[in-house]
1. Once the Cβ-Cβ distance between B:ASP256 and A:VAL130 is put in as r, and R0 is 60 Å, what FRET efficiency do you end up with, to the nearest 0.05?
2. Mind checking A:91-101 for the average number of partner chain beta-carbons within 10 Å of each residue's beta-carbon?
3. At a 10 Å Cβ-Cβ cut-off, how would you order B:PHE370, B:PHE40, fewest neighbours first?
4. Could you give the length gained by full extension between B:TRP317 and B:ALA8, i.e. 0.36 nm per residue of separation minus their alpha carbon distance, to one decimal place?
5. Past the 28 Å Cα-Cα mark, which pairs from B:LYS346/B:LYS388; A:LYS59/B:LYS286; B:LYS346/B:LYS416; B:LYS363/B:LYS388; A:LYS74/B:LYS49?
6. In the neighborhood of B:GLN130, defined by Cβ-to-Cβ distances under 14 Å, what is the net charge if each Lys or Arg adds +1 and each Asp or Glu adds -1?
7. Rounded to the nearest 20 debye, what is the charge dipole size of chain B about its Cα centre when +1 sits on each Lys and Arg Cβ and -1 on each Asp and Glu Cβ?
8. Mind putting together the pair-distance distribution for the stretch B:320-420? All Cα pairs, 10 Å bins, whole percent per bin, short to long.
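Computed from the coordinates by the stated procedures, all read-outs in this text should not be read as laboratory data. The structure displayed is predicted, hence computed values, not measured ones. As a convention, Cβ positions derive from the backbone with ideal geometry for all residues, glycine included, and neighbour counts pool all protein chains shown.
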Amino acid sequence: MLYAILCYNSEDVVGDWSPAEDAAVMARLGSVEAGLAAVHRLGAVARLLPTTAAVTLRKARDHLVIDGPFAETKEQLLGFYVVDCGDLDAAIAVAHDLAVANPDRGAYEIRPLAVYRPGGLGEARPRRAVSTRG
Amino acid sequence: MTIANIDAAWIDAALTAARPQAVAALLRYFRDLDTAEEAFQDACLRALKAWPKNGPPRDPTAWLILVGRNAALDGVRKSSKSAPLPAEELISDLEDAEAALVDRLDGEHYRDDVLRLLFICCHPDLPATQQVAVALRIVSGLSVRQIARAFLVGESAMEQRITRAKARIGAADVPFGAPGLEEREQRLSTVAAMVYLVFNEGYSAGGKELLTRGSLCGEAIRLARLLLRLFPGEPEVMGLTALLLLQHARAPARFDADGAVVLLEEQDRSLWNGRMIAEGLALIDKAVRHRRPGPYLVQAAIAAEHDRAERAEDTNWARIDLLYGDLEQLAPSPVVTLNRAVAVSKVAGPEAALEMIEPLASKLSGYFHFFGLRGGLLFQLGRRDEAKVAFDLAIALANTAAEAAHIRLHLDRLLKESAG
């Protein structure tokens with residue numbers, strides 16, 4: 001099974017870290033990542049830019065693009081893409097295509113990445129033994 | 001988050017982050033700056049006790065507002081035993097139910113509260129540096145000591161300045177109603193200018209001052225981000241934030257180990273902060289979509305041209321010249337023309353640039369950068385004696401040790417080449 005682990009924290013607090021603190025946290029996380037990468041169990045790793053850098057395309061309202069992150073609580077995060085685009089307009093064009101392909105409600109938040117490492121998953125991924133006996 | 005890892009640093013950062021919104025909301029309740037500040041202070045002390053025990057609240061800002069308000073109301077009630085009952089009009093929202101409070105802390109309220117708090121710091125009677133000092137004290141919550149160090153004055157002198165400034169603000173008619181659309185725009189542009197002032201106080205620091213003053217750049221970026229979160233659709237707020245990020249990204253390369261200025265073209269670009277640059281560029285992209293460029297956005301675009309160039313010689317000066325042309329239209333000033341002349345000197349040569357700045361001589365006769373650039377252009381044209389006169393004038397007009405040192409670099413070069 002592949003799992004996505006989504007990182008939540010206060011961006012005010014994290015944004016306040018000094019470069020040294022930031023580097024120290026990243027180094028500690030990096031050693032966890034390195035352990036997983038060594039056995040080919042680490043997929044893509046990304047760090048997002050702050051929410052203030054985001055725009056959101058709303059499917060329902062003629063693909064209206066609004067500034068800022070997706071802030072509704074009625075909908076849940078169901079998936080994500082990482083796309084390589086020359087600029088924001090190109091990324092919005094991709095989101096527009098996605099919205100045409102899947103027009104039923106919801107939104108696409110478009111947030112630039114600060115850090116991206118593609119990672120590499122091994123062929124022989126550990127599979128969970130299915131058991132109903134606990 | 002588990003209780004065990006709520007450390008003092010986390011709480012400190014959370015309190016700092018919550019401060020502008022919390023003080024702003026408390027100001028709306030009490031309509032008195034000192035009461036609002038004391039209430040917030042009180043709430044912070046309670047947070048330091050309660051949060052490590054109970055874990056942090058889901059919404060620290062709402063918690064601080066609620067607790068701060070109750071604490072201040074308690075204070076008012078207690079003092080009422082020995083004094084006449086407090087003026088009811090001091091307390092504007094007694095009827096607020098606690099549950100309703102959280103609902104009311106929606107974007108609209110935060111937005112106008114914080115904007116009001118920032119706006120009152122920009123009182124037109126206050127000189128620019130005092131506006132900055134007051135904003136740093138009230139909005140950012142820096143201690144008087146920190147601000148005094150940032151402005152290179154004694155603590156008691158700064159204390160007096162801030163007290164006097166706050167008295168002025170207190171005596172002024174603070175507009176508590178929700179601002180209309182036009183008024184909100186005006187307040188926003190006044191506040192944006194003040195945030196840029198805070199940044200420049202930090203940015204103009206050099207060398208040894210950098211330790212104390214450099215933090216002002218970080219405070220300004222924090223304020224700009226706050227404005228951006230409150231006004232996510234304002235292209236000029238995006239532009240301002242981008243401008244600050246793109247300039248501050250170069251901070252690690254702007255001074256050498258001895259604290260001397262390193263010119264832009266000589267900076268080690270690998271030291272520039274790539275993440276800040278990426279964020280600044282992303283904000284420019286967002287702002288450009290609105291198709292009504294303002295002065296901050298154009299300045300950000302100029303900073304971006306520098307930041308994008310991997311080597312100094314890759315700088316797209318023709319594009320920078322065009323952008324300065326736009327800026328001359330949007331916000332004409334001799335200083336903008338002076339800056340444009342730098343780009344012109346790269347694109348069309350020093351002669352053209354010199355011609356461009358000659359008409360500015362009377363307006364900029366007291367301006368350090370005018371003589372710095374003039375000296376540089378004359379030097380490039382081989383007019384060394386005139387260059388030396390200009391450089392000497394520049395040094396005499398330098399505002400900081402860093403500026404003077406910067407010109408001395410040119411003078412040294414001039415002397416070296418004359419000798420060689």
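1. 0.40
2. 0
3. Result, fewest neighbours first: B:PHE370, B:PHE40.
4. 106.4 nm
5. Too far apart for the 28 Å limit: A:LYS74/B:LYS49.
6. Summing Lys and Arg as +1 and Asp and Glu as -1 gives +2.
7. Roughly 560 debye for chain B.
8. 17, 46, 31, 6, 0
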